[in-house]
Every structure is written in structure tokens, then in C-alpha cells.
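Note sheet for the following structure.
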Amino acid sequence: MLGVWLLLWGSVALGGRADTAFLHRAHDSSGHCTYSFTVASPVEAACPEAAGGVPELRAELAALAARLSRLESRERGMGGSGPRGAEPGGARDPQLVASTARLEAARSQMCPATVGGGTGLLTKASVFWGQRPGTEPPEGGRSRQGGEGGWLSRAHAVPGPAAAPRWEPQPLAYQELQSERTEVPASRLLEETALGRPEKEDSAGCGQLVWVGEPVVFGRADSIAGKYGVWMKDPEPVSPFTRDNTWRVDTVGTEVRQLFQYEEAEQLARGYPAKVHILPRPLESTGAVIYRGGLFFQPRHSRSVARYDLRGETITAEREIPGAGYHGQYPYSWGGYTDIDLAVDETGLWVIYSTEKARGAIVLSKLDPETLEIRRTWETNIRKRGVANSFLICGTLYTVSSYSAPNATINFAYDTATGTSRALSIPFENRFRYLSMLDYNPAERQLFAWDSFNMVTYPVRLSRA
């Protein structure tokens, strides 16, 4: 499974103020991207605080560091080259020796670092003096530049210029956790590559569905009437309408007649329609679509399909679908009287239904968008009650396995060009656990869906046919 490896170095805050965290990113030997961070923390709880408390020790250390710096500067002005003078074995300034001893004594009161496992590693303060450019302290913290002089602490020292070495004590009492590796599931955007998405995709023409992205919420219904519904855009609009116009129907109720018109999707998100159409006939369920300036829908309690003209605001065509089940005879698995479902793809207008002759299997018919005359019909072997919803892309029917499972799949495809079906397993997310409408918009190459009050879209990708 594709994953992102995070290497976490944490700090344990045991009371008190934590300092700024430092984040680093690098690649490990296996090619994984590794992130690490270090956070300052108070002293370890198990360590006894020195007499006078840690803040006092920190102040003492800073004062001693400043004093050593002054003494060093004074000795350099007298011809010395560091704490021990210019020559090996030279006399040491008594004040410098006394200050160094006090500094070591202050450090000794701090908690020693824990060794292996346990709570982690307590990093010592970083104090140095007299370092020459390019030199580093050997093991044990002693300088190679002459016996007992030199380094007072080995951890994280930052050398200053040779002519004017600086005292830079780092914050005391760092505490780091042991290394921990955590595997994080890859995003769906990465997962598509792991699943072998074809390298070439058809960005303009037709192809096979290979990937469905995560849902993006555009709006939410604010009343119980919007638990189920349908929202649409016209892929081939007729003036004065444009592709920005958005349409919505809340379908909970016995007399569903209101068609809400919005100038754009953002207006839908705010909930203020530009106009409300009152349909001459109440519609049934969530199978309606907008196409070429008309609303195509199933009138309530009928096996017919009707076209409502958006400009003239009248029904301009109506036709019965022979033998089609209606009002709960052959719905999708979620119910909702979804016996007759209209769809639009790159090739035109479709109706999805079933008949007694087909014994509940999905039947597809291609319709003339002006007269609603049936041009051709296909009978599939996919049981309509066995799938949650369906849509068409480039003349191929695709079905969804579940309307409520969060991790559903696009599970079947029926190709009208070959008259054959095949099983699929394309991940599909039901984020809000109740998918009542799903349609494809070929102009935007997105799926439009209604998921328990929420109007969402899904990006899709197609391979070359």
C-alpha cells in the first residue's frame, strides 16, 4: 500500500512553557520522505530540581558564560590565544579557573542524560570558548588543543569567529522522544497511480472511466424537503441560459413542483434562487436532468417522460416508456421511487429503467431530446435493485455498489457499443452516507450527486478508448 512515512521526534512538555519547534524534511536511504521536529520542553519530571530551581541555574550559567567571555577577551588583549594562554602549559588566570569550576558545578546540578530507551535524551547546554576554525571537540568533551582547557559542553555548539568567539548557551533541558515511524494512508490522488491509472487519459474525447475523486460540497439543503433531491447544470445550454446556471429540486413531498433556478453554483451555496419555476405536473423522485434548454423528468405516478421548456415554462413533449416499471416497482436499492432515471452523456439523452420482461434488469433507451421518441434500446444483465444508482459516460452505463457505505465502488459497466458488461472496482466515497441522486455532466466532466442534504461533485478521469 502506498504510504507516506513520517519520522516523528517529539518533545515531552511536563509543565511550563515550550519553545519554538524546528521542522526538518529529508529523504531516507529507502527514498521515503522523512519529516522530523524538535521541541524544547521543561526539565524531566523524574529529575530532582537543583537547589534554587532550574531558572536560577539557567541565570547562573548565563552570568558565568558572560564572565568567562570577559576574562577571555582580557587575556587575549594581554597576548594570550585562549583560556590557557599562548603556549601549551602556560599559566591560567585564577579568575578564569574559578569561573570555569563554578560553571561546571552549575552544570552538574542538571539532570544527567538518560541512557538508551527510557524517556529519551536530555541534551546538555551548548557552551564553548576558544575554538579554532575547523576544530571539533573529541569524545569526552575535552579539546585537543591542550588538556583540560577548551570545551565545557559538546552538544550543539555554534562556533563564532576566531577573533571574537561568542558565548551562545542553548536553551536548557531539551528532551526528545525515541524515534517512531508511522505509516499514513496515501490520499486518493496518489492511490489512483498505485491502482495503475493509464498514463494517457482522454482530456477531450471519450474513454473508459478509470478514477473517481473525492466529493466536493457545493451546497446544503436547509429543510427536511432537501434530504433527497437533484441538482443540475445544462451541458448544452440554450440562450439566454449558460453553463453557469444551476438548477435544483428538493424531492421530499407528495407534490414536488418547484424548480429553483440559480445564476451560478455559488448562488446555490448561499441558498438564494434567482427564480422559482412551478411545474405544470409534479415530478417523481430524483431522476430529472437539464439538457438543451429543457427539464426532462418523470411525472408523478406515470411511466412517462416529459420535457419542460425553461424559456416558455411549458411542457413541450411527453412520451410513455413501454413496459417501464414506476412508483416503486423497479427502483434502485435505496428506494425513493427511482424506477425511471434520466441521464445525459457525450452522446445525448438516455432513460434508465426496468420492465417485467427484463425481470428487474436494467434497460437502457436512447431518446430524441425534442420528441422523446425512443431511438434504440439495450437490455443489460445488471439487476436494478442490486445497485444504488447509475450514470452514463460515452455510451457506457456505470453503477454504484452502495448508497450508504462510506467506501463504495463503481462496480459494473455496460458498454452499449459492444453490448457487453464487466465488473469494476473503482473507489467511490459516500461521504454523508445517503446517495439519492448521481448524474454525469459531460461539459464539466464531473459527477453531480445529492448525498443526504448535500449537493456535491466528483471529478472523474477517463482513459483513451
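The values are calculated or read from the model by the stated rules, or taken from the named source; none is laboratory data. Everything numeric in this text was worked out from a predicted model, so none of it was measured. Cβ: placed from backbone, ideal geometry, glycine included. Neighbour counts: every protein chain shown. Note: areas computed on protein heavy atoms with side chains; ligands, DNA, RNA excluded. Shrake-Rupley method; radii C 1.70, N 1.55, O 1.52, S 1.80 Å.
Before moving on, here are some points about what is shown:
- Strands (runs of 3 or more DSSP E) lying entirely in segment 358-465 (those with 1 or more residues that are hydrophobic (A, V, I, L, M, F, W, C) and more than 16 Å from LEU209 (Cα to Cα)): 361-367, 374-383, 435-441, 446-451, 454-464
- The residue that is nearest to THR347 (Cα to Cα), counting only those in segment 402-431 that are of a type in the set (Gly, Ala, Ser) and open to solvent by 10 Å² or more (accessible area, probe 1.4 Å), is ALA417.
- Residue check, THR399 open to solvent by less than 10 Å² (accessible area, probe 1.4 Å), within 24 Å of the chain's Cα centre (by Cα) and at pLDDT 95 or above: no
- Any hit, segment 218-241, residues being among the polar types (S, T, N, Q) and in a loop (DSSP other than H, G, I, E, B): yes
- Every residue from segment 300-316 that is surrounded by fewer than 20 Cβ atoms within 10 Å (Cβ to Cβ) and either over 21 Å from TRP378 (Cα atoms) or aliphatic (A, V, I, L, M) (or both): ARG300, HIS301, SER302, ASP309, ARG311, GLY312, GLU313, THR314, ILE315, THR316
- Among the numbered conditions (1) among the β-branched types (Val, Ile, Thr); (2) over 24 Å from ASN430 (Cβ atoms); (3) open to solvent by 50 Å² or more (accessible area, probe 1.4 Å), the only one that VAL252 does not meet is (2).
- Residue match in segment 317-339 (condition: within 30 Å of TRP211 (Cα to Cα), open to solvent by less than 10 Å² (accessible area, probe 1.4 Å), of a type outside the set (Gly, Ala, Ser) and in a strand (DSSP E or B)): yes
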